[in-house]
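Data first, discussion second: the structure below is written as structure tokens.
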Amino acid sequence: MQDLSDEELLKAKVLAAPPITDWVNEPTAEKLQEDLVAAKPSHDSWVNKVKEWNDLLRVENNKAPTKIKGRSSVQPKLIRRQNEWRYCALSEPFLGSDKLFDVSPVTFEDAHSAEQNDIVLNYQFRNKLNRVKLIDSMVRAVCDEGSLILRTGWKRITVPETIVVPVYNYLQVTTPEEVEMLDATLALKSSNVREYNETIPDEVKAAVDYLEETGNYTFVQQIGEQEQVIEKVIDNRPTVTVLNPENVYIDPSCGDDIDKAHFAIISFETSKAELLKEPDIYKNLDYVNWENNTTNDHPDHVSMNRDNFNFKDRLRKRVIAYEYWGFYDVHGDNTLVPIVATWIGNVLIRLEENPFPDQKIPLEIAAYLPIKRELMGEPDAELLKDNQAIVGALTRGMIDLMGRSANGQQGFAKNFLDVVNRNRFNNGQDY
């Protein structure tokens, strides 16, 4: 049998990866990459503007004045000073108070729920999120780049735990008073969960749960105990990530509304060790080519590591993965289904329906200076770039003019003074 080349072996390895779902029309990585290629021209056009604004902010690349010998090359950072003033003004409202959210009820029935949600939201913002770092990153992103792209999510980590639970015997109620008592307890559970949990005995709670499940009125007797494995929650909190616009590709046809986008693709750095921590989400990791999907192999992705550092071992080596959020006819019945997919190279490692209740793309976008009919916005740099160039040119001109007219140079005819008198002159003595 003829030996296969390395490229043919890689293709064979990709084709050998089993399907992740039982969908009739399961998309492949190549099919989803078509949306990435289609969005790239619009994405690159916007990224070029962002790079120009960043160069103006830091006076880098072609935005710095040309250095000429004997001439000034100073460039005042007008845009940077403007942004530094903006940072504090925009951060203070979010960080100056412990209570960011104020939840108000819609009807009188929502009063207790609104109070509870108010407490939970403010607690999560203060304690579950690094709010100082988050707000600082958000403010700097929107001021420097003109747009803020946030990825929202939820992190939930559970571990199995064995506990001892009671075993109940359910007996039919015989009196109207017991029926009324169960109805009143069920109403209390719906209206005030805290009071229900604190005041109602466990046997009555079991009877109420049985009533909700079956509709039968019973009273409960404990007849023993048994061991039961439950999921213990050790982390349950929201997540918010400020994304680099160069690593986000959004459907160009959505106009100025992200909710009308049919897809959004996010490139991110990961490793095999990180993906192995979530075996319920990521599959087919053994079919990934970990050597040819590093950060150096994807020049369009802006790496977090500016020095191109990477690990040598396969488990920790940083690779680039693409996460696809969008809509696809996965069942072949002309109905778009919200899905999420992740691939490395040409291997799909995740494919499932959108797990979020709203079924939307988990991206939020805010514009600093909104542009009509555009999804993204502009920063102050777009308005101040001419002023920065003029101030720099005038400053350099004044410095050069002053340097030429007040240079303090003196000229002497050759052999005008001998050595002794020249030393006296230099020392300020009579010569």
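A compact table of results
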{"item": "Ellipticity estimate at 222 nm from DSSP helix runs (n ≥ 4, -39,500 (n - 2.57)) divided over the chain, nearest 500", "result": "-12000 deg cm²/dmol"}
{"item": "Kirkwood Rh in Å, taken over segment 43-112 so that all alpha-carbon pairs contribute", "result": "16.7"}
{"item": "Å² per residue, accessible surface of the chain at 1.4 Å", "result": "63"}
{"item": "Stokes-Einstein D for segment 97-156, Kirkwood Rh over Cα pairs, 37 °C, 0.692 mPa s (µm²/s)", "result": "241"}
{"item": "Aspartates and glutamates with Cα under 18 Å of Lys99, excluding same-chain neighbours fewer than 8 positions away", "result": "Glu115, Asp118, Asp136"}
{"item": "Charge context of Ile200, other residues only, Cβ under 12 angstrom, K/R +1, D/E -1", "result": "-2"}
{"item": "Unit charges on C-beta of K, R, D, E only; dipole of segment 319-431, Debye", "result": "1160"}
{"item": "In Å, descending, principal axis extents of the Cα set of segment 60-182", "result": "104, 40, 21"}
{"item": "Gyration tensor (alpha-carbon) shape descriptor, segment 188-227, a/c threshold 1.5", "result": "oblate"}
{"item": "Three-way shape call for segment 182-304 based on the alpha-carbon gyration tensor, with the a/c threshold at 1.5", "result": "prolate"}
{"item": "Positive-pole candidate from Tyr324, Asn415, Leu243, dipole of the chain, charges at beta carbon", "result": "Asn415"}
{"item": "For segment 321-372 versus segment 129-156, the gap between their alpha-carbon centres in whole angstrom", "result": "20"}
{"item": "Contact order relative to length of the chain, as percent, for alpha carbon pairs under 8 angstrom and 6 or more apart", "result": "22"}
{"item": "Positive-end extreme of charge dipole, the chain - chosen from Ser405, Thr294, Thr66 (charges on Cβ)", "result": "Ser405"}
{"item": "Percent accessible area from carbon and sulfur atoms, the chain, protein chains only, probe 1.4 Å", "result": "51"}
{"item": "Of Val173, Asn387, Leu348, farthest towards positive along the dipole that unit charges on Lys, Arg, Asp, Glu beta carbons give the chain", "result": "Asn387"}
{"item": "Cα-based radius of gyration of the chain once divided by 2.2 N^0.38 Å, which approximates compact folds", "result": "1.51"}
{"item": "The chain: DSSP helices with Cα axial extent of at least 15 Å and average Kyte-Doolittle hydropathy no lower than 0.0", "result": "131-145, 381-405"}
{"item": "Student exercise, segment 45-159 dipole from Lys, Arg, Asp, Glu Cβ charges, in Debye to nearest 20", "result": "1120"}
{"item": "Shape box of segment 293-337 [Cα atoms, principal axes, largest first, Å]", "result": "48, 22, 14"}
{"item": "Net charge over other residues, Cβ less than 14 angstrom from the Cβ of Gly397 (K, R count +1; D, E count -1)", "result": "+2"}
{"item": "Net dipole in debye of the chain [+1 Lys, Arg Cβ; -1 Asp, Glu Cβ; about Cα centre; nearest 20]", "result": "4080"}
{"item": "Proximal lysines to Lys283, defined as alpha-carbon separation beneath 25 angstrom and excluding residues fewer than eight positions away on the same chain", "result": "Lys11, Lys13, Lys31, Lys155, Lys232, Lys272, Lys312, Lys317, Lys360"}
{"item": "P(r) histogram, all alpha-carbon pairs of segment 131-228 included - 5 Å bins from 0, percent", "result": "2, 10, 14, 13, 11, 9, 6, 5, 6, 7, 7, 5, 3, 1, 0"}
{"item": "Tensor-based shape of segment 274-397 (alpha-carbon gyration tensor, a/c under 1.5 rounded, otherwise prolate or oblate)", "result": "oblate"}
{"item": "³J(HN,Hα) computed for each position of segment 321-337 - Karplus, 6.51 cos²θ - 1.76 cosθ + 1.60, integer Hz, glycine/proline x", "result": "10, 10, 10, 10, 10, x, 10, 8, 7, 7, 9, x, 10, 6, 10, 7, 10"}
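The values are calculated or read from the model by the stated rules, or taken from the named source; none is laboratory data. What you see is a predicted model; the values in this text were computed from it and never measured. Positions of Cβ are generated from backbone atoms using ideal geometry, with glycine treated the same way; all protein chains shown enter the neighbour counts. Each accessible area value is taken on the protein alone, full model and side chains, heavy atoms only, with ligands, DNA and RNA left out. Shrake-Rupley method; radii C 1.70, N 1.55, O 1.52, S 1.80 Å.
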